[in-house]
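Data first, discussion second: the structure below is written as structure tokens.
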Amino acid sequence: MSIPTTSHAFPDLSFVTEDDPKVERANLSLILDRYKDRFKDLPKVEKGWLSKSMNLYQGHWYSSSGVISIGTVLASQDAFQAHPSDLYLATPPKCGTTWLKALVFAIVNRTKYKNNSNPLLVSNPHDCLPFIENEILRNKPTYNVDSQPRLFATHMSYLALPQSVLDSGCSLVYMCRNPKDVLVSTFHFVNKVRDKSLGVMTIEEAFELFSKGFTPCGPFWDHVKEYYKASLDHPEKILFLTYENLQKDTISNVKRIAEFLGYPFTKEEEVEGVVEEIVSLCSFENLREHNQQGIKRDGLPNDAFFRKGKVGDWSNYLTNDMSQILDQITEEKFLGLDISF
Ligand code: PAP
């Protein structure tokens, strides 16, 4: 990849933090313990995807345990401090977070890593661009004090974002996806990674939970609506994307994301094919190939984040009735909003 001329600073990401992942696990236990009094009185369902139960907080369901859970959301709200130069990504789970992380990491760091040195070739995109909910588990922050921009992602709802993020005016890219594909993707993911003690989830159970809104960070539709409305109120600060649109025209959307985040491609870069290189680096096939083995910092297998990467795979798993019910919910929830998949 050639080096464009630009005046931007690039983040100095220390991949091997001094923290051992064991530290993060220990801190997670401390956080869940510290916040249990705050979430014990929240509404609860004794059902979950990756945990035994979920708690309702600020209109959204969060797993009762795990790295993205009610405990880490509360702790993020208390402890996470935004910097004015931060850039954020937000998604409901299983809407293409891994892809978006890779693309944004590659866009922002495109002059820093040459040829075959890009960390995306050896690290899962989740380990290259941290979730806010995971950052607060680290004793040593991911970024050096003078790093800018810092890149963070989150699955939290818009209203749950830490106040400092809301006040910061930082740019945020949001991406959602056809709820039917989100359901099917989540169904496969949980059956691959959930604790054996929770048993295997059937597609019927998954449908039941999803359609009733009992999903991590859900109801899915409310998550989307909150960010969609915020993007209408602050179009210069929130870019609203869909997975389907990103699939349909990846090149244009990558240029759009780069421009929005303040890292536009120069004419020279476009001529030299830098955009195409980033798209190819972050393609499903390429990332899947580099993530066939190993585990992420949080212990989940790298390959669990790359299944099919297709639009419309729901038709292989959902019955006509399930599909119609979900379409109806989507129609009602998004009535009057210009959101389509
Ligand atoms: P997360 O919320 O746990 O981070 P997320 O990355 O949002 O998961 O979603 C995973 C989905 O994105 C998977 O979809 P599928 O189950 O329908 O296949 C995964 O395959 C897909 N995905 C991952 N990387 C890419 C990519 N580079 N291009 C397109 N889709 C991708």
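Figures for the structure shown
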{"read-out": "In nm, spacing of pseudo-spin labels at Asn191 and Ser283 (7 Å Cα→C-beta vector)", "value": "2.9 nm"}
{"read-out": "From phi via Karplus (6.51, -1.76, 1.60), per-residue ³J(HN,Hα) for the stretch 171-180 in Hz, x at Gly/Pro", "value": "6, 9, 9, 10, 9, 10, 8, 3, x, 5"}
{"read-out": "Relative contact order of the chain, defined on C-alpha pairs under 8 angstrom at six or more residues apart (%)", "value": "23 percent"}
{"read-out": "Normalised alpha carbon radius of gyration of the stretch 41-139 [divisor 2.2 N^0.38 Å]", "value": "1.27"}
{"read-out": "Longest DSSP-loop-exposure-free segment, GluC sites (Glu not before Pro), the chain, at most 11 other Cβ within 10 Å", "value": "47-235"}
{"read-out": "Burial ranking of peptide ranges 197-203, 294-300 (average Cβ count within 10 Å, highest at the top)", "value": "294-300, 197-203"}
{"read-out": "Carbon/sulfur fraction of accessible area - the stretch 189-341, other protein chains in place, 1.4 Å, %", "value": "49 percent"}
{"read-out": "Accessible area in the full protein assembly, largest first, 1.4 Å probe, for Val224, Val67, Val271", "value": "Val271, Val67, Val224"}
{"read-out": "Heavy-atom surface of the stretch 194-341, accessible at 1.4 Å and reported per residue (Å²)", "value": "53 Å²"}
{"read-out": "Under the Karplus curve 6.51 cos²θ - 1.76 cosθ + 1.60, θ = phi - 60°, whole-Hz ³J(HN,Hα) for the stretch 243-257, x wherever Gly or Pro sits", "value": "4, 5, 5, 5, 5, 5, 9, 5, 4, 4, 5, 5, 5, 5, 5"}
{"read-out": "Accessible-area composition of the stretch 117-159, carbon plus sulfur, in percent [1.4 Å probe]", "value": "53 percent"}
{"read-out": "Approximate spin-label separation Val200-Asp321, in nm, with each point projected 7 Å along Cα-to-Cβ", "value": "2.2 nm"}
{"read-out": "Shape call, the stretch 21-333: gyration tensor on alpha carbons, a/c limit 1.5", "value": "rounded"}
{"read-out": "Arg194 accessible area, assembled protein chains, probe 1.4 Å, Å²", "value": "20 Å²"}
{"read-out": "The chain - share of DSSP beta bridges that are antiparallel (%, nearest 5)", "value": "35 percent"}
{"read-out": "Alpha-carbon centroids, the stretch 166-197 and the stretch 233-258: separation in whole Å", "value": "17 Å"}
{"read-out": "Protein-only accessible surface order, largest first, of Lys308, Lys22, Lys94, Lys192 at 1.4 Å", "value": "Lys22, Lys192, Lys308, Lys94"}
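The values are calculated or read from the model by the stated rules, or taken from the named source; none is laboratory data. The shown structure was predicted, so the numbers you read here are calculated from the model rather than taken from an experiment. Heads up, the Cβs are rebuilt from the backbone with ideal geometry, glycines too, and the neighbour counts pull from every protein chain shown. Each accessible area value is taken on the protein alone, full model and side chains, heavy atoms only, with ligands, DNA and RNA left out. Shrake-Rupley method; radii C 1.70, N 1.55, O 1.52, S 1.80 Å.
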